[in-house]
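Enquirer: This is the structure I want to talk about, given as structure tokens.
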Amino acid sequence: MLFFDRKTELNALNRIAKQSRKTACFTVLIGRRRIGKTKLLLKYIQKQKFLYLFVSRSSESVLCRQFQKQAAAIGINIFGEITNFRDLFEQLLLFAKTAHYTLVIDEFQEFENINKAIFSQIQELWDKHKDNIKLNFIVCGSIYSLMTKIFENKKEPLFGRLTSKLIIKPFAIAVQKQILKKYNPKYSKEDLLFLYSITGGVPQYISLLMDAKATTKDKMLDFVVRSESPFLNDGKDLLISEFGKDYGVYFSILQLIAAGKNSQSEIDSVIGKNTGAYLVNLEKEYSLIEKNKPMFSKPESRNAKFRIQDNFLRFWFRFIYPNQTLIEMGKHKLLKSYISKNYEQYSGLLLEKFFREKFSEEQDFTKIGNYWDNKGENEIDLLAINDFSKTATIAEIKKNKNKLNESKLKAKASILQKHLENYKVNFKLLSIENM
């Protein structure tokens, strides 16, 4: 697939590169796997002097010999036989005293499996040399939780050493439209919704579909369920390394949330134990779920619903993970039939998420969310507020526009009158046709 968007990220990287010609810069790129961190970096560094190092699971001495050869290929001659990363890194820093360049280390978290002391060694050498070098030092990795821990946990040696942090997010809805139009100029709203529902804007997934010419809903679904499809296993590939030995419990929780069991009491009753600690980890450490509360609820309110943030993982835990037996038996047509049968209801919820994201991208609001009362009733699909201009938009969202009813929406919204008495309120009816 062609390279799309990332103008904001490229501009930020260019600003950092400019600064690094005056003072040493240490930047981390953080984002989920398949988000395009490596592709972005390679696009960014292609017109400058750079050394790109990929940390594979090899011995430290083997890696250092490999890195030494790569450095020599761009004119950084490291003399002697280097068998440890500390010595190699110090020579790379010393070279930056004489010439400016960009040093990229990809899959940086893998040093944890090779030699945990490397992080302390980098901290020691960076503190020692950073004031006397001109280096653009960039690291990124694929295990989100570990990368966050390395740089944001106060007990870790590299805490506080970064000069910049870039969080790489999925493509915005406008970019997803641009890509789909490039590969299918006559795409339908259903095509767009399906693309959004199964990829959430993650570049690698979109690339797989576009390169395979799967640009309509039916062709995308065919691609997803085929026997060799990477979509079938990617949920496991993404998360087993994140969760470790407890992956079974975490997978069960995520499957329940994807199926609509979105309160802790519901989850506990099925799992058979208190899952509070697991839910906190999924929210705070792994950033996989969010605790969604109705707008205007108090901070201590327990009226909350858990939901999976990532569209692909939400789809995978709803349709793929519960049907592993079908996949193992080669019943891919049956899997497709199951998804087709249940997708209509599922896509209605994703359409609500689509419009909340669309409003956030296209308009100026200080808060965007939804609302329901303590009984779980009087639900309002979209509530967007601008506290500065004192305006609010209240919307009902349904795939079928014939099921929208403005009178019922206004009646439900009357419960919000005390919160919005000084606001100019606009009511909107949104269907798939408004995508």
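The values are calculated or read from the model by the stated rules, or taken from the named source; none is laboratory data. It should be emphasised that the depicted structure is a prediction, and the values quoted were computed from it without experimental measurement. Don't worry about glycine lacking a Cβ; one is built from the backbone with ideal geometry, like all the others, and counts go over all protein chains shown. Please note that ligands, DNA and RNA were not included when accessible areas were found on the heavy atoms of the full protein model with its side chains. Shrake-Rupley method; radii C 1.70, N 1.55, O 1.52, S 1.80 Å.
Enquirer: Just one of (1) β-branched (Val, Ile, Thr); (2) within 15 Å of residue 93 (Cα to Cα); (3) open to solvent by 50 Å² or more (accessible area, probe 1.4 Å) trips up residue 76, so point out which.
Expert: Residue 76 satisfies all of (1) β-branched (Val, Ile, Thr); (2) within 15 Å of residue 93 (Cα to Cα); (3) open to solvent by 50 Å² or more (accessible area, probe 1.4 Å) except (3).
Enquirer: Hey, residue 359 hits all of (1) open to solvent by 20 Å² or more (accessible area, probe 1.4 Å); (2) of a type in the set (Phe, Trp, Tyr); (3) within 27 Å of residue 424 (Cβ to Cβ) but one; which does it fall short on?
Expert: (1) is the only condition that residue 359 fails.
Enquirer: Does residue 260 satisfy being of a type outside the set (Asp, Glu), at pLDDT below 95 and not in a loop (DSSP other than H, G, I, E, B)?
Expert: Details: of a type outside the set (Asp, Glu): yes; at pLDDT below 95: yes; not in a loop (DSSP other than H, G, I, E, B): no.
Considered against the rule, which asks whether it is of a type outside the set (Asp, Glu), at pLDDT below 95 and not in a loop (DSSP other than H, G, I, E, B), residue 260 comes out as no.
Enquirer: Restrict the check to region 377-397 and report whether at least one residue is part of a helix (DSSP H, G or I), hydroxyl-bearing (Ser, Thr, Tyr), over 15 Å from residue 356 (Cα atoms) and out of contact with any Leu (no Cβ under 6 Å at 6 or more places or on another chain).
Expert: Applying the first criterion (part of a helix (DSSP H, G or I)) to region 377-397 yields none.
Scanning region 377-397 turns up no residue that is part of a helix (DSSP H, G or I), hydroxyl-bearing (Ser, Thr, Tyr), over 15 Å from residue 356 (Cα atoms) and out of contact with any Leu (no Cβ under 6 Å at 6 or more places or on another chain).
Enquirer: Which members of region 305-323 meet the condition of being open to solvent by 30 Å² or more (accessible area, probe 1.4 Å), of a type outside the set (Lys, Arg) and assigned to a helix (DSSP H, G or I)?
Expert: 321, 322 - these are the residues of region 305-323 that are open to solvent by 30 Å² or more (accessible area, probe 1.4 Å), of a type outside the set (Lys, Arg) and assigned to a helix (DSSP H, G or I).
Enquirer: Is it fair to say residue 398 is surrounded by fewer than 19 Cβ atoms within 10 Å (Cβ to Cβ) and touching a residue at least 60 places away in the same chain (Cβ under 8 Å)?
Expert: On the way: surrounded by fewer than 19 Cβ atoms within 10 Å (Cβ to Cβ): yes; touching a residue at least 60 places away in the same chain (Cβ under 8 Å): no.
So residue 398 fails the test.
Enquirer: OK, next. Which residues, counting only those in region 152-181, are open to solvent by 10 Å² or more (accessible area, probe 1.4 Å) and in contact with a strand residue (DSSP E or B) (Cβ under 8 Å, 6 or more places away or on another chain)?
Expert: Within region 152-181, 161, 162, 163, 164, 165, 166, 167 meet the criteria.
Enquirer: Could you identify the single residue in 49, 37, 22 that is in contact (Cβ under 8 Å) with a residue 24 or more places away in the chain and either under 27 Å from residue 230 (Cα atoms) or surrounded by 20 or more Cβ atoms within 10 Å (Cβ to Cβ) (or both)?
Expert: On the way: 49 fails: either under 27 Å from residue 230 (Cα atoms) or surrounded by 20 or more Cβ atoms within 10 Å (Cβ to Cβ) (or both); 22 fails: either under 27 Å from residue 230 (Cα atoms) or surrounded by 20 or more Cβ atoms within 10 Å (Cβ to Cβ) (or both).
Matching residue, one of 49, 37, 22: 37.
Enquirer: Additional query: Which of the residues that make up region 294-308 are touching a residue at least 12 places away in the same chain (Cβ under 8 Å), within 19 Å of residue 266 (Cα to Cα) and of a type outside the set (Val, Ile, Thr)? So that I can check it myself, show each step before the final result.
Expert: First pass over region 294-308, keeping only residues touching a residue at least 12 places away in the same chain (Cβ under 8 Å): 294-296, 303-308.
Narrowing further to those that are within 19 Å of residue 266 (Cα to Cα): 294, 303-308.
Of everything in region 294-308, those that are touching a residue at least 12 places away in the same chain (Cβ under 8 Å), within 19 Å of residue 266 (Cα to Cα) and of a type outside the set (Val, Ile, Thr) turn out to be 294, 303, 304, 305, 306, 307.
Enquirer: Being in contact (Cβ under 8 Å) with a residue 40 or more places away in the chain, under 20 Å from residue 35 (Cβ atoms) and not hydrophobic (A, V, I, L, M, F, W, C) is the filter here; which residues of region 203-235 pass it?
Expert: Passing the criteria: 203, 204, 205, 207, 211, 234, 235.
Enquirer: Within the bounds of region 56-64, is there any residue that is buried (at least 19 other Cβ atoms within 10 Å of the Cβ) and of a type in the set (S, T, N, Q)?
Expert: Narrowing region 56-64 to residues buried (at least 19 other Cβ atoms within 10 Å of the Cβ): 63-64.
From what's left, of a type in the set (S, T, N, Q): none.
No, region 56-64 contains no residue that is buried (at least 19 other Cβ atoms within 10 Å of the Cβ) and of a type in the set (S, T, N, Q).
Enquirer: Sticking with this one: Determine whether residue 235 is closer than 21 Å to residue 343 by Cα, assigned to a helix (DSSP H, G or I) and open to solvent by less than 70 Å² (accessible area, probe 1.4 Å). Before the answer, list the steps.
Expert: Values: closer than 21 Å to residue 343 by Cα: yes; assigned to a helix (DSSP H, G or I): yes; open to solvent by less than 70 Å² (accessible area, probe 1.4 Å): yes.
Taking the combined requirement at face value, the residue satisfies it.
Enquirer: How about region 398-427: which of its residues are assigned to a strand (DSSP E or B) and under 20 Å from residue 301 (Cβ atoms)?
Expert: First, pick out the residues of region 398-427 that are assigned to a strand (DSSP E or B): 424-427.
Across region 398-427, there are no qualifying residues.
Enquirer: Now for a different question. Considering each residue of region 51-105, count those that are outside any helix (DSSP H, G or I) and closer than 20 Å to residue 134 by Cα, and give that number. Explain how you work it out, then say what you get.
Expert: Initial filter on region 51-105 (outside any helix (DSSP H, G or I)): 51-59, 74-84, 96-105.
Among the residues that remain, those that are also closer than 20 Å to residue 134 by Cα are: 51-53, 74-78, 96-105.
Total satisfying the criteria: 18.
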